[in-house]
1. Could you check the spin-label model distance between Arg40 and Lys179? Points 7 Å from the Cα along Cα→Cβ, value in nm.
2. Provide the gained length on full extension for the span Glu102 to Asp208, in nm with one decimal, where the gain is 0.36 nm per separating residue minus the Cα-Cα distance.
3. Exposure proxy check: Phe168, Phe45 ranked by fewest other beta carbons within 10 Å?
4. Any idea how far apart Arg195 and Lys76 come out in nm if each label point goes 7 Å out from Cα toward Cβ?
5. Longer than 25 Å from Cα to Cα, which of Lys142/Lys173; Lys142/Lys187; Lys73/Lys215; Lys142/Lys215 are they? Say none if no pair is.
6. Could you work out how far apart the two model spin labels at Leu123 and Ala55 are, taking each label as a point 7 Å from the Cα in the direction of the beta carbon, and quote it in nm?
7. Take each of the peptides 193-206, 104-117, average the number of other beta-carbon atoms within 10 Å over its residues, and list them starting from the highest.
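Read-outs: derived from the displayed coordinates by stated rules, not from any lab. It should be emphasised that the depicted structure is a prediction, and the values quoted were computed from it without experimental measurement. Here the Cβ positions follow ideal geometry from the backbone for every residue, glycine too, while neighbour counts run over all protein chains shown.
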Amino acid sequence: MTQAILAIKAAELGYQIIEPGPGSDVNKTLAEVIQSHEQRFWEAFPVMLASAAEAGEFNYNAANACLEENERKFLKLLIIASLGLYEDLGIKFAWQNELFGEFPAKLIAKFREKFGSGSELELGQHHLSTEKVKENFLKYLKKRSGQPKSAGETGEQLALEFAVATIFTPRQKELFLKKLRREKMTKTEKEYFSRVIKKKARALANEDLHRLARKVLE
């Protein structure tokens, strides 16, 4: 496979902040990213992983099956590095425990420390920039949230923005914030808010649902 074709397929998994296309085999694409040994793709792996997992399409065994034995260690290491990055940013995804609950916590913590200190990631003979990896992922979060971020914004705020962007489409989020700011809405906007967004907001405000959601994430 040429680098140009792989770049297009990687773009579907967020490499250039594009959503996965219909019918794309995300697990095969992630395996091809591993096989490429291309630094720019590996430094965007946490983006691709999150994009695939959020879409409910990532399957570790399926991706692993696309790789030769000597390549599988890199898939595992890049996943662990991604989990370390998410921890460093203070982000907890709903799918993490289900997909990666058995991955070694100590090694994840080791990678988290590397992101915190800005040290290089050493994956076999490969050396990745933690700053570049983090920059790629923050761009992904900003794109998903649709809002520019200041340099000093915290991981918790980024996580909140990501959660809002996951629940609401960009247009729904715009109206949601418009309502919060008590800004004037058109008749059409009011009708759409009442018909769609208000129902989602009411569900989010349900204390029992909130409690159950936390329980399944434990």
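1. The two pseudo-label positions are separated by 4.2 nm.
2. 35.3 nm
3. Numbers: Phe168 20, Phe45 28.
With the fewest neighbours first, Phe168, Phe45 line up as Phe168, Phe45.
4. Result for the modelled spin labels: 5.2 nm.
5. Values: Lys142/Lys173 13 Å; Lys142/Lys187 30 Å; Lys73/Lys215 32 Å; Lys142/Lys215 28 Å.
Lys142/Lys187; Lys73/Lys215; Lys142/Lys215, as the Cα separations exceed 25 Å there.
6. Result for the modelled spin labels: 1.9 nm.
7. Values: 193-206: 13.1, 104-117: 15.0.
Descending mean neighbour count gives 104-117, 193-206.
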